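Below: the structure, in structure tokens.
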Amino acid sequence: MSESPDHPSLAPLRARLAAIPTLAADDLEAEAVALLGRKAGEVTALLKGLAALPLEEKRAVGGALNRLKDEIELAVEARRAELTAATASLASRDVDLTMPGRAQWPGTLHPVTVVVDEIVEIFRGLGFSVALGPEAEDEQHNFGMLNFPPDHPAMDMHDTLYLDPAGAPRPVGERMLLRTHTSPVQIRVMQDGPPPYRVVIPGIVYRNDPFDPSHAPAFSQIEGLAVDEGITFVDLKATLTHFAQRFLGPDTRVRFRPSFFPFTEPSAEMDVGCRLCDGAGCAACKGTGWMEILGCGMVHENVLRGVGLDPERWTGFAFGMGPQRIAMQRYGLPDIRLLYGGDMRVLSQFGGIGR
Amino acid sequence: MKISRRWLEAFLRQPLDAKDVAARLGMLGAPVDAIEPIGADLTPFVVALVTDVRPHPNADKLRVTTVDDGSGTIFQVVCGAPNVTAGQKYPFARLGTVMPGGMLIEKRKLRGEASEGMLCSARELGLGQDHDGLMTLDTEALPGTPLLEILHDSGDDRLDVDVTPNRPDLLSHKGVARELAASYGVPYRLPEVPGEVELDLPVPGRYTDQVQVGGVKLSIVDHGCGRFFAAVIRGVKIGPSPAWLQQRLEGAGVRSINNVVDVTNYVMLELNQPMHAYDAATLRGPAVIVRSARAGETLVTLDGTTRTIAEGSVVIADAERVIGIAGVMGGHDTEVTDRTTDLFLECAWFEPSRVRAARRAANLSTDASQRFERGTDRWGAVDAFRRAIRLLVTVAGGTLDGPAVDVFPVPSHPPRIFLRPARVAQVLGVELAWSTIEKQLVKMGATVVSKPEDGRMAVDVPGWRPDVTTEIDLIEEVARLYGYDQLPTDLRGFRPGTRQDDPAWGAAAKIRRGLAASGFSEVMTLPMVASEHPDAVRLLNPLSAEQGMLRGALLPSLVHQVEANWALHTGDVRLFEVGTVFAKGAPGDRPAEAMHAAFVLTGARQPMHWTDGGKPPLWDRWDARARFEQLVALAHPTAGVQVDEARWVARRPDGTIVGHCGPLAADAPPWAAPLFGGEILVTQAVAAAVPFVPVPAFPAATRDLALLVPDACAVEAITTLLLQRGQRHALASVAVVDEYRGKNLPEGRRSVAVRLVFRAADRTLTDADVEQAMGRLRTSLERELDVTVRTS
């Protein structure tokens, strides 16, 4: 079938078809609507008008008009694609992609929260669960049941904040205070049900210490307690060594030194190799190559007896550490007070939700 | 406790390295906090020969000397010392040397004569108190030899040992030497003292409470004194102590006072036995009585302060008055002075708790009270007493007046403890051989006295270890002296805990993560505040008035933090805190504690972006409401947010208000953006899992309505009504899309645009369905709320 040549009346449309590849984006869309628009497009109108034409003319124009319509559609599509590609490549002229993006405020967790969460997670993996207890305590839980002999020099290690009884003063031994350590929660856990126990205890503790670069009147502590049949000092060493190597890295060196806490015996301090000097000795570790990280020990027989457990059957270990000090070491903070302020310039540095 | 390295060397009879000593003590449980070198750096000083001495032409007391310092140059040095002699060698400071006192030696003229250096006395070199003349060097060494090469006395190191409260024995050089001897595996023995007099001391042991000593009547009335040794020494001469004694004391950080006081201090620092010497001539009676203080008794203590003594404190008295607070401090009136010739020497054991009570009442902590409180050795005190008498006679002369006495009202022996090797294994986790255990016990000074007939060891504990009273104490000693690091570190099997996590912990963690993810920064503020709230819990002994109360809410502290940011010109602040708040409990009960969570926000809603044209939009009350709704959903899911006067509250189904949110008052600079915040009680209830709702299978139809709302009608009433009435018509949601107040509206009305979304679960809604629903809803709004549809 030979192609019928275009009807002469279509010549102006042919010319406009020829111009399509040169049109700019806005003009292209306007032209597409002008020619092909469903309501008022010129080609559309012509096609609608075909029905009214005599059959002969219908034949003469119809095929050409439909062909033309297809060609226009193709040309518009081609030009559109061309322009889209051009927009991308001409970005530096029309849109400066080096302009800054639109940001959201970054939220931050407190460094102590981050440290405590990491510690809790490691101990969770070792079968511990989280226990909490009151911050306002009585002397029995804070001292007496933890084997602090009444009126003993060991109490001098804990500068205690007492609560105003708002009435008759209470006798020594029955006063209310702000807990000086998280250890009273050990007692509360053991009073709460039978062994075995395996808990970590995060919380705020209080001391009658004014603020200075390394002391605060309230700070975080995280404590742990494991009591069962057959728990020994070897388990204490192994568990805490494992913790240190999970927390600070598999190559972390640890050592255990004898120490004294009324509620544990034997008692120990665990040191980790100084990470700043790698054990060579520096200002941060006072030249020893070691940093003190936690205190620990076997739960004292008197503590077990005090909660009705037979120390000949049940043994256990306990430990405690200070997340503030760990956070200060980790972030290189020179002053503990930075952890109590709300200065956005400080907080924003703690960045992401994790290390 | 300050420990002198040289004093330790005298115990161990071997040279010691201070750093090594510190490392070993640390591993034995007595960490050394600091090592302080004593004595000046003598490196720059050399031996010099004085070849000529001639008078100074212009000054009678000065000499002009010629000095050969071995450098090849001969110097002229002007010297004021009377003992400078030609042909003698002296320490020499060349030009440019800095003296221990900080003075720089420069070339200068003294009364017209040039002086090129300085010949030194022992005191100028920090080697003693002798300032009578130059330090004559009796040496074959050639001029120019460094001084350090010929001095055997190369200074000392003062170790600051951190002694735990359970180890009174380490408050003495002997105790520390004992630990080191165990560590080095060498013996230790009391140092010999130059010129020590051998005395034939009578064996004490008169267990009576009414005795005479040197004419002084002694009686022990209060049993807070468990043992009392006394001696009277007559004819002493008070004066400065010999150099060796001064140096030992200096090494331990104690100032020399006079020979008698120095000896009592020396014995205390060596053997942990505080003592007191009274001027016997000042004792009235003469008598010494150990008794309880009566009401209102006072004492002028050695430091010149008049102190009222708490009734019942153990005191030392003479026939008429108190002359000392037992174990704490002696009195001023009976102290040893330059004119003293007769001494009454006291060496006693006092009940630790009585000393502690007395020193607290007197608010006076001393070297003596520190030791008595922790427990001294009542059986070993006899050795300290004998050493003190011998040393006194050696350095101050005098003779014992009659036999010394020992009053021991209730004689006793150091405790015997039984140790089961099986128990050692049960606690430590390793089986140690009998001989290994015994070896460690011997290191601490204990005696293992019996053979294992019933499998137990009978252990006699030394008197200097009052902390060792039970089997577990011995087990700790075995572990400590065996070495914690010698015990294995293998992770063995364990039973996991069965206890559930405290739900509050999970609740707090969820809130923290949620708010941090929403752009807030977590803070930890001090729970002690200055609040004057009547329900606030008050502290008995606060650090300051600003920290006198326990907080009852978190927001005031957060507002302070915002103000601090404003003061630093930071205007964009978003903070939150999760923490405990306190309220008074029932009488006699602990305060009530609750976990709260709170947030504050002010400033720009987003970090500055260039599309904002330098004026980023600010947080407004609607942001605050949304954040509060988020917080309520996290912290108290059963509560709903409602309007309560000019703020929003979170209300539980039972009507209790558990949180609030709104604009906050603050001390704001003029440029500050509005401040908003909210606070809520955190429940520990774990929210139930939300069941899955299938996603819609059919399309929705959306219609917007512009409503004319009377001012008195709340939008919440409209949305609630629409949702209720729309239920039958497949109305799925209503959203407020616009509010307009102002011109072109009827009086007393505002325009609110809402968008309604209709969706049926089982079919596609037709236009007719939706139009019918819209008509019904319009009618309901008009009839029930007087809300009409706005036709533009």
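Read the figures in this text as sums done on the coordinates, not as results from a lab. Not measured: the values here are computed from a predicted model. Using ideal geometry, Cβ is built from the backbone for each residue, glycine included, and neighbour counts are taken over all protein chains shown.
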Checklist entry - When only residues in region A:252-269 that are under 12 Å from A:GLY320 (Cβ atoms) and among the hydroxyl-bearing types (Ser, Thr, Tyr) count, which is farthest from the other protein chains (Cβ to nearest Cβ)? => result A:THR264
Item to check | Residue satisfying all of: in region A:222-238; buried (at least 20 other Cβ atoms within 10 Å of the Cβ) and farther than 27 Å from B:LEU25 by Cβ; farthest from the other protein chains (Cβ to nearest Cβ) among these | outcome: A:GLU223
Checklist entry - Would you pick out the residues in region B:633-650 that are over 40 Å from the mean Cα position of the chain (by Cα) and surrounded by 19 or more Cβ atoms within 10 Å (Cβ to Cβ)? => result B:ALA639, B:VAL641, B:TRP648, B:VAL649, B:ALA650
Checklist entry - In region A:207-221, how many residues are among the aromatic types (Phe, Trp, Tyr) and either within 8 Å of chain B (Cβ to nearest Cβ) or surrounded by fewer than 19 Cβ atoms within 10 Å (Cβ to Cβ) (or both)? => result 1
Item to check | Those residues of region B:295-339 which are in a loop (DSSP other than H, G, I, E, B), within 12 Å of B:ALA358 (Cβ to Cβ) and among the aliphatic types (A, V, I, L, M), in sequence order | outcome: B:ILE309, B:ALA310, B:ALA326, B:VAL328
Next on the checklist: Just to verify a result, which residue in region B:425-452, among those that are in a loop (DSSP other than H, G, I, E, B), touching a residue at least 40 places away in the same chain (Cβ under 8 Å) and over 34 Å from the mean Cα position of the chain (by Cα), is nearest to A:GLY230 (Cα to Cα)?
Outcome noted: B:VAL430
Item to check | In region A:330-349, residue farthest from the other protein chains (Cβ to nearest Cβ) [restricted to those that are in contact with a strand residue (DSSP E or B) (Cβ under 8 Å, 6 or more places away or on another chain) and of a type in the set (A, V, I, L, M)] | outcome: A:ILE336
Checklist entry - Pick from region B:406-424 the residues that are out of contact with any Phe, Trp or Tyr (no Cβ under 7 Å at 6 or more places or on another chain) and assigned to a strand (DSSP E or B): which of them is surrounded by the most Cβ atoms within 10 Å (Cβ to Cβ)? => result B:LEU419
Next on the checklist: Any residue that is assigned to a loop (DSSP other than H, G, I, E, B), within 30 Å of B:LEU441 (Cα to Cα) and not charged (D, E, K, R) - is there at least one of those in region B:30-42?
Outcome noted: yes
Next on the checklist: Taking the criterion of being within 14 Å of B:ALA714 (Cα to Cα), in contact (Cβ under 8 Å) with a residue 12 or more places away in the chain and out of contact with any Pro (no Cβ under 6 Å at 6 or more places or on another chain), would at least one residue in region B:759-778 satisfy it?
Outcome noted: no
Checklist entry - Before we move on, is A:MET190 buried (at least 24 other Cβ atoms within 10 Å of the Cβ), of a type in the set (A, V, I, L, M) and in contact (Cβ under 8 Å) with a residue 40 or more places away in the chain? => result yes
Checklist entry - Of all residues in region B:560-572, which are out of contact with any Ser or Thr (no Cβ under 8 Å at 6 or more places or on another chain) and either more than 9 Å from every other protein chain (Cβ to nearest Cβ) or not hydroxyl-bearing (Ser, Thr, Tyr) (or both)? => result B:GLU563, B:ALA564, B:ASN565, B:TRP566, B:ALA567, B:LEU568, B:HIS569
Checklist entry - Looking at (1) facing another protein chain (nearest Cβ under 9 Å); (2) in contact (Cβ under 8 Å) with a residue 24 or more places away in the chain, can you tell me which one A:ARG246 breaks? => result (1)
Checklist entry - Is region B:304-323 home to any residue that is of a type in the set (S, T, N, Q) and closer than 24 Å to B:ASP377 by Cα? => result yes
Next on the checklist: Test of understanding: among B:GLY497, B:GLY514, B:GLY455, which residue is closer than 27 Å to A:LEU347 by Cβ, over 31 Å from the mean Cα position of the chain (by Cα) and of a type outside the set (Asp, Glu)?
Outcome noted: B:GLY514
Checklist outcome for this item: Matching residues in region B:532-559 (within 9 Å of another protein chain (Cβ to nearest Cβ), touching a residue at least 24 places away in the same chain (Cβ under 8 Å) and either surrounded by fewer than 19 Cβ atoms within 10 Å (Cβ to Cβ) or assigned to a strand (DSSP E or B) (or both)) number 2
Next on the checklist: Condition first: more than 7 Å from chain A (Cβ to nearest Cβ), in a loop (DSSP other than H, G, I, E, B) and either touching a residue at least 12 places away in the same chain (Cβ under 8 Å) or farther than 15 Å from A:LEU225 by Cα (or both). Now tell me which residues in region B:491-508 satisfy that.
Outcome noted: B:GLY493
Next on the checklist: Criterion first (of a type in the set (Phe, Trp, Tyr) and within 10 Å of chain B (Cβ to nearest Cβ)) does A:TRP290 satisfy it?
Outcome noted: yes
Checklist outcome for this item: Given (1) at the interface with chain B (Cβ under 7 Å from one of its Cβ atoms); (2) surrounded by fewer than 19 Cβ atoms within 10 Å (Cβ to Cβ); (3) at negative phi; (4) touching a residue at least 24 places away in the same chain (Cβ under 8 Å), A:GLY127 misses just (3)
Checklist entry - What is the number of the single condition among (1) within 23 Å of A:ALA226 (Cα to Cα); (2) at the interface with another protein chain (Cβ under 7 Å from one of its Cβ atoms) that B:ARG512 does not meet? => result (1)
Item to check | Which listed residue is surrounded by fewer than 15 Cβ atoms within 10 Å (Cβ to Cβ), among the hydrophobic types (A, V, I, L, M, F, W, C) and within 19 Å of B:GLY155 (Cα to Cα), from B:ALA34, B:ALA18, B:ALA10 | outcome: B:ALA34
Checklist entry - Which one is nearest to the other protein chains (Cβ to nearest Cβ) among residues in region B:469-487 that are of a type outside the set (Val, Ile, Thr) and surrounded by fewer than 14 Cβ atoms within 10 Å (Cβ to Cβ)? => result B:ASP485
Item to check | Residue in region B:573-604 that is farthest from B:GLN561 (Cα to Cα), counting only those that are at the interface with chain A (Cβ under 7 Å from one of its Cβ atoms) and under 29 Å from the mean Cα position of the chain (by Cα) | outcome: B:ARG590
Next on the checklist: Could you check region B:157-186 and list, in sequence order, the residues that are away from chain A (no Cβ under 12 Å), among the β-branched types (Val, Ile, Thr) and either within 23 Å of the chain's Cα centre (by Cα) or not in a loop (DSSP other than H, G, I, E, B) (or both)?
Outcome noted: B:VAL161, B:VAL176
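For every residue, the table says whether it meets (1) without any contact (Cβ under 8 Å) to a residue 60 or more places away in the chain; (2) in a helix (DSSP H, G or I); (3) within 14 Å of chain A (Cβ to nearest Cβ).
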residue: B:PHE11; (1), (2), (3): no, yes, no
residue: B:VAL21; (1), (2), (3): no, yes, yes
residue: B:ARG24; (1), (2), (3): no, yes, yes
residue: B:ASP52; (1), (2), (3): yes, no, no
residue: B:THR65; (1), (2), (3): yes, no, no
residue: B:PHE92; (1), (2), (3): yes, no, no
residue: B:LEU95; (1), (2), (3): yes, no, no
Checklist entry - Just for strands (runs of 3 or more DSSP E) wholly inside region A:172-238: which have at least 3 residues that are among the charged types (D, E, K, R) and closer than 25 Å to B:PRO496 by Cα? => result A:218-229
